Amino acid sequence: MILADVSGSIFDKINSMVLPEIQSIILNLPRTTLDVAQVDTEVRDVKTFERWSFPLRMPVEWKGGGGTNLNPGFEYAIKHAAKYKWVICITDFIWSYQQAPNPKGLPVLWIGVDTNHNIKVPFGKFIASKE
């Protein structure tokens, strides 16, 4: 499962920064189907992507653009944990991420886009996106 930050601080960069990260993940895991939760202050939508979804031939409709609190996305992952093997959170970290609920039992990878490289995440691993 991917939690995609679609808040106002990153909304204009989704197609140029967030979508390429999703595409890279799915192309490197060709037999994987990814659920992508679009989250700003709530889970706005969940879309499923597969390897043949890329390259996208039509624009993806992104919902959100409000404030930022990805906690509902982590709560969604916890609620549906039996369906997932891991969580990847793609965000610019302009929110209180230190208070995110830990989906124990699901490995978490945080991908920072348009952010500094010294983020200390409360659980899981952090990598900075190549810009």
Practice problem: Give the residues of the stretch 69-105 that are assigned to a loop (DSSP other than H, G, I, E, B), in contact with a Pro (Cβ under 9 Å, 6 or more places away or on another chain) and not hydrophobic (A, V, I, L, M, F, W, C), sorted by residue number. | Solution: Tyr84, Lys85, Asn102
Quiz item: Would you pick out the residues in the stretch 86-108 that are surrounded by fewer than 18 Cβ atoms within 10 Å (Cβ to Cβ), more than 22 Å from Gly67 (Cα to Cα) and under 14 Å from the mean Cα position of the chain (by Cα)?
Solution: Trp86, Pro107
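Where a number appears in this text, it was derived from the coordinates with a stated rule and is not lab data. It should be emphasised that the depicted structure is a prediction, and the values quoted were computed from it without experimental measurement. Note: ideal-geometry Cβ built from the backbone for every residue, glycine included; neighbour counts use all protein chains shown.
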